1. Just grab the label-to-label distance for R130 and M180, each label 7 Å out from Cα along the Cβ direction, in nm (one decimal).
2. Which value, in debye to the nearest 20, describes the size of the charge dipole of the range 99-178 about its Cα centre when Lys and Arg Cβ atoms bear +1, Asp and Glu Cβ atoms bear -1, and nothing else is charged?
3. Using DSSP to define loop residues, name the chymotrypsin sites (Phe, Trp or Tyr not before Pro) in the range 122-185 whose beta-carbon has at most 13 other beta-carbon atoms within 10 Å.
4. Please list, by residue number, every one of the GluC sites (Glu not before Pro) in the range 104-170 that is coil in DSSP and has at most 11 other beta-carbon atoms within 10 Å.
5. Amide H neighbours of E74 under 5 Å, counting only residues 5+ apart in sequence or on other chains, H built in-plane at 1.01 Å?
6. Sort R46, R143 so the one with the fewest other Cβ atoms within 10 Å of its own Cβ comes first.
7. How much length, in nm to one decimal, is gained on full extension between T171 and N107, taken as 0.36 nm per residue of separation minus their Cα-Cα distance?
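Just so you know, all these numbers are worked out from the coordinates, no wet-lab data involved. Keep in mind it's a predicted model, so treat the numbers as computed, not measured. No Cβ is skipped: glycine too gets one built from the backbone with ideal geometry, and neighbour counts run over all protein chains shown.
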Amino acid sequence: MRTIILTLSVLSCLGMASNLNGQSNNGNNRVADTIVHLGGSTTPVRIINISNSMIYYTEEGETEVSEIERKLVERVIHNSGRVEVFNRPAFEMITEDDWRHVLLTENPDDVQFLDELGQVEVTSPAGRNRRTTIRNAEVRLMRQAAALGGTMILVTSTQFRGGYGDVPSITMKGIAYGFMPPTNQ
């Protein structure tokens, strides 16, 4: 009798026990959690336990508990919306129109074989320090160039404004270049 009660309580904790009507006890019959593997693929599961080295889970419709090493998992997305990150991917694929692929240069020789797409200009307010202010301006410039379809920016002007001892604001101007001519021609 004690073994049956213990087995039923374990099964009910796992969401696998049947109620009196013979229906599943897991609510609306949807999987609770998602494992995102380092390669980017996902597996819908119900997480049972997460230890220091392993993740124990059951797959949809299965009763057998499976396991995977934590070092093979990027993150687990729980049904509640909570995300547990275990590892960062070694590399990340970015699309061709993503601003993170845009390069900055001050050398005109770097863009001599590319097509000019248009002028880009940003004014970035003072940040915590000079380096963050410059990076903020660069990112804004890169986003503008990506919106034009650019892959490289020839920086033509950089101006700092601010008093002595203050973190300066910055205005950056440049020309966006890409592999394809502008679409409005």
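1. The two pseudo-label positions are separated by 4.0 nm.
2. Here the range 99-178 has a charge dipole of around 540 debye.
3. On the way: sites: F160, Y164, Y177, F179; in loops: Y164, F179.
Filter output for the range 122-185: Y164, F179.
4. Details: sites: E106, E116, E121, E138; in loops: E106.
In loop regions of the range 104-170 (DSSP not H, G, I, E or B), the sparsely surrounded GluC sites (Glu not before Pro) are E106.
5. Answer set, sorted by chain and number: V36, H37, L38.
6. Details: R46 19, R143 15.
Neighbour counts put them in this order, fewest first: R143, R46.
7. On the way: separation 64, 0.36 × 64 = 23.04 nm, distance 1.88 nm.
Fully extending the segment from T171 to N107 adds 21.2 nm.
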